Amino acid sequence: MKFILITNRYKLIDIFHNFKSSEIFCEKNSFAQKYCEKKKISHKIYKTRSDFHKIILKNLNNKIFTNGCKFLFSKKILSKLKFKAINIHPSLLPNYRGQFVIDKIFYNREKYIGATIHEIDNGVDTGKILHQKKILYKYSNWIIDLYHKLFLLEKKVFEEYFFKNKKINLKIKKKDIIKIRKKNVFSLKELNKYPIRFIQSQCVPNKYLKIRINSTFKKILYCEKKNFFNLKKLNKNNYFQLSENDYIIRCSDCTSRILLI
């Protein structure tokens with residue numbers, strides 16, 4: 001029997017790498033792939049739903065763990081597994097199911113963040129909760145800090161459940177999640193309609209918020225509140241160019257500075 005990890009993260013990789021019999025599958029161009037390449041850890045790459053299904057069908061008799069995998073198990077495949085498949089998720093379920101979880105948590109400024117380990121069924125993060133952990137969190141301007149903190153919490157949840165036999169279901173109440181629909185491309189003027197925390201929530205590697213300036217397309221690397229800017233300098237579209245990739249813009253709730261790439 002092997003331990004199979006299918007992931008786009010990196011914190012669980014060291015655990016699985018140290019198992020006597022394991023295989024690690026990394027999503028193409030993910031944190032996981034880059035980490036394995038840097039540490040020279042043996043791994044395989046998956047990209048498509050077809051790749052994912054082939055991995056599962058080849059490992060029906062092994063223990064399968066997913067962490068940041070965007071593809072679902074069908075009822076048919078689940079019925080063929082010898083062991084229950086397990087997922088490690090970066091939220092306090094039943095809240096924030098599915099994809100782009102960390103962006104939404106950052107936008108909503110949840111007082112507590114956490115991670116959940118649960119069995120996989122044919123729904124979206126709806127399987128039996130096995131263990132959860134939560135902590136208070138203080139937000140920075142960089143959403144990537146939240147990403148790395150939640151990756152670490154996922155590792156701790158895994159270690160507590162499998163190595164320390166902790167089994168805690170925090171019984172979190174389901175609540176309405178506030179989110180803003182993201183467009184493919186924004187103009188600088190359109191950003192005036194959105195709060196700063198929305199822009200910050202999109203400053204994630206490989207997912208940066210795209211904007212159009214005249215005929216040029218750029219991405220927002222960083223966004224911070226700018227309290228002491230002279231608003232008279234803003235043009236009719238509510239922005240001011242400091243340098244080629246450095247702008248002051250008017251958000252719906254404050255004046256902000258954005259850095260572009």
Could you give each residue of segment 170-176 its phi-based ³J(HN,Hα) in whole Hz, using Karplus coefficients 6.51, -1.76, 1.60 with θ = phi - 60°, and x for Gly or Pro? 6, 6, 5, 6, 5, 9, 6
Residues whose placed amide H lies under 5 Å from that of residue 44, excluding near-sequence neighbours: 24, 25, 26
GNM top mover of 228, 100, 163 - the chain, alpha-carbon springs below 10 Å: 228
Can you list the HN-Hα couplings for segment 65-81, worked out from phi with the Karplus curve (6.51, -1.76, 1.60; θ = phi - 60°), rounded to whole Hz and with x for Gly and Pro? 10, 10, 8, x, 8, 8, 9, 9, 8, 7, 4, 4, 5, 4, 5, 8, 6
What shape does segment 188-232 have by the C-alpha gyration tensor, where a ≥ b ≥ c are the square roots of the eigenvalues, rounded means a/c under 1.5, and otherwise prolate means a/b greater than b/c and oblate the rest? oblate
In whole Å, how far is the Cα centre of segment 142-198 from that of segment 52-96? 21
In order through segment 206-217: 3J(HN,Hα) via Karplus (6.51 cos²θ - 1.76 cosθ + 1.60), integer Hz, x for Gly, Pro: 6, 10, 3, 5, 8, 10, 10, 10, 6, 9, 9, 10
What number, rounded to the nearest 500 deg cm²/dmol, is the helix-based mean residue ellipticity at 222 nm of the chain, given -39500 (n - 2.57) per DSSP H run of at least four residues and division by all its residues? -7000 deg cm²/dmol
Accessible area of the chain with a 1.4 Å probe: how many percent of it is carbon plus sulfur? 49
Taking a ≥ b ≥ c as the square roots of the eigenvalues of the Cα gyration tensor, with a/c under 1.5 meaning rounded and otherwise prolate when a/b exceeds b/c and oblate if not, segment 10-60 is oblate
Can you give me the accessible area per residue for segment 1-73, using a 1.4 Å probe, in Å²? 53
Sort 107-119, 171-183 by the packing proxy (mean of other Cβ within 10 Å over each peptide's residues), most packed first. 107-119, 171-183
Computed Kirkwood radius, in angstrom, where 1/r is averaged over Cα pairs of the chain: 20.1
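The values are calculated or read from the model by the stated rules, or taken from the named source; none is laboratory data. All values derive from a computational prediction rather than experimental measurement. Using ideal geometry, Cβ is built from the backbone for each residue, glycine included, and neighbour counts are taken over all protein chains shown. To get the accessible areas, we keep the full protein, side chains included, count just its heavy atoms, and leave off ligands, DNA and RNA. Shrake-Rupley method; radii C 1.70, N 1.55, O 1.52, S 1.80 Å.
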